[in-house]
Structures are given as C-alpha cells and as structure tokens.
Amino acid sequence: MSGTKLTRRTLMAGMTAGLAAAPFARPASAQGAWPNRPVRVMVPYPPAGGADTTARIVYAKVSQILGQQFVIENRGGAGGTIGEAVVAKADPDGYNILHDGTAHSINGALYSNLSFDYNKDFDAVALVSLVPNILVVTPSLPVKTMADVIAYAKASPGGIEMASSGNGTLQHLSLEVFRFVTGVKVNHVPYRGGGPALNDVISGQVKFFFANGSSVVGLIEGGKVKAIAHTGKGRLKSLPDIPPISDTLPGVEAYEWNGVFVPHGTPPAAVRTLNSAINAALGSPEVKERFEQLNIDSRQNTPEEFRAFVKEQMERWSKVVKDANIKLG
C-alpha cells in the first residue's frame, strides 16, 4: 500500500480554496489546520538509542513535508514509562506525540501500578521501523552457527551466561524464548543498557548477547564480536551472511520496533495527516537509504494496521513475561 504524499502546499491549497468560497469569514480554518505550530515528539528513552535514532531520521523529513518543526524531547527512565506517562496525560490536540518502542507492548505485563493504560490512553498512528536482534558472541568462542551455540550450551554443565540490556527488555525476552525453545540452561546477566553488555561480550566476561541489530553493525564488521544469527526474516541488507534464527528454530522471531502514538482523543484529521506524512517520509530516498544502513525495515501502514500490530505484540510478549515470571513493579 502506498502512503499519500502530503505536503504543506497541498494543505495550503485546500485552505485557500475554502477562504475563496467565504471571503469575509473569520480565518478559523487556517487557524485550525494541523500543524500550525511546532509539535513536541516525546522519545521516552535516552539519546542515541534505537528510538531516538529513528525519530531524528524520520521527523527531519516529516518537518520538511509539513512545514513545521517536530521537536524531539528525550525523557528516559523506568523502561520508558516516565515519558509515556507524560504523553498519556497531555492535551489531545495533535501537538504531543509519543515515538515509542517495543517496551510499549511489554511494559503493561511488567508493571502492575502504572498511572496510565496503554490500551485506553493512546491512539496508534503509524509503525515506523522494525529491527531484529542479532545473537553475537565473544570472537574467540568456538561456535559459528545456531546449532553450534545450542550444542555448546548443552555441553556446559552450568549452562551459559547470556547478557541483556536490562530486565524486561526485548533482549531479555529473546533469551527467554531461546531458553524455552531449546531447553538449554541460560543464566541471565542484566545490564543497564546495550552498550555495557556489548563491552563485556567483547572482553569475554559474558559470551552471549542478543544485541539490537542497528547498534552492533560496526562491531560485527570490525570483528569485535561474532554474529551467529538474527531474529528477523530472510537476510539483512547490510549483513547478508547472517542467517535468521528461524532457519534452525522455526517460528522464533523478535523485533525491536518503533512507532508513533498520540493521546487518546486527538483529532482524527491530525492523526490522518501525521500518518500520511510519516508514510511519505518512510518512502523518501534519504530515509530509506539511512534505514538500510542500520538494518531497519519499514513499510507503509495505516493507523488501523499499526493498532492491530501492537495488539499482537502485546499478546505475544505478555505470555513470555508470564511464562518467565518476570516482574518489575
């Protein structure tokens, strides 16, 4: 499906036609056209992470398309719930946007006392990106394939230690899925983010890690870590030699995704305009090229399709959280 390329010229042309039909009317339509002032984009994670990276790439283009600034605000903490709460309680006027990630589909199962409801307080706008995890290991480890990793783990009396970027993150849930499917013993070693985890994999303190597929490309190419397989489908454009895990373990998939939400009750016209502009940005050559470099997949989508995607992700990961008995609050 192709997105409608919505430009500021298109919006202005429509407003001009309306004013010509009613030349003495107050310019309410011009005042009400969205956006007519800067828009705040809340990224509920620290700068330089996956969500922040995709946000800065996409909204630079959306700003050009709509002729208004989309100002990114990073407010990390508590797995994204601090920034999410701000947008959940913000005015539903179209000028408060949440650029969220996979945690949006996980946190509801992890936290029992949130001040907001993911299903009731947000309206879905668009899916922006999909990034697989890549299972990376310490370079000196004598494994090359998923079959090797499984055999190595089963031959280790105490099992293997596997890092994650924190309790309840997709990297954590990916290792839980790996443990469930293979039956191997996995000792979880949580870190405060993917960077520290990767550093310890490089040094060999922890030898296994499901890393974000965008953040680890340079380390793989530089030989700092060894890539075994990824959690997506097919082959990665920037790392075509890495097979999907599903070749060995059918049905195993896991994506870091980023998507756009607004407070519930935001005007439908603003949601449609934003969705069209995001689709146009995703289809632009500059965004497509940058995404390919980072192993980021994207597709044209409607708010309804994104809503269904989030629902499926919530159902999938809440089951993993329950089966692994993970609780954070």
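Tabulated results
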| item | result |
| --- | --- |
| Cα gyration tensor shape of the stretch 226-328, rounded if a/c is under 1.5, else prolate or oblate by comparing a/b with b/c | oblate |
| Residue 220 - accessible surface, heavy atoms, 1.4 Å probe, Å² rounded to 10 | 30 |
| Stretchable slack from residue 188 to residue 316, in nm (0.36 nm times residue separation minus alpha-carbon distance) | 44.0 nm |
| For the stretch 246-275 and the stretch 170-192, distance of Cα centres in Å | 24 |
| Reach of residue 237 by Cα under 13 Å, taken over aspartates and glutamates that are not fewer than 8 positions away in the same chain | 289, 292, 297 |
| Cross-link pairs 154/207; 224/288; 89/120 - those with Cα-Cα distance over 18 Å | 224/288 |
| Between 0 and 90°, nearest 10: helix 194-203 axis offset from the chain longest Cα axis | 30 |
| Rounded to 5, percent antiparallel among DSSP beta bridges of the chain | 60 |
| Solvent-accessible area of residue 148 with every protein chain in place, 1.4 Å probe, in Å² to the nearest 10 | 60 |
| Per-residue [θ]222 nm for the chain (sum of -39500 (n - 2.57) over DSSP H runs n ≥ 4, rounded to 500) | -12000 deg cm²/dmol |
| Label of the coordinate-derived value, Cα extents along the principal axes in Å, listed as (1) 66, 58, 30; (2) 83, 42, 30; (3) 53, 48, 42 | (2) |
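The values are calculated or read from the model by the stated rules, or taken from the named source; none is laboratory data. Source: prediction; values computed, not measured. Please note that ligands, DNA and RNA were not included when accessible areas were found on the heavy atoms of the full protein model with its side chains. Shrake-Rupley method; radii C 1.70, N 1.55, O 1.52, S 1.80 Å.
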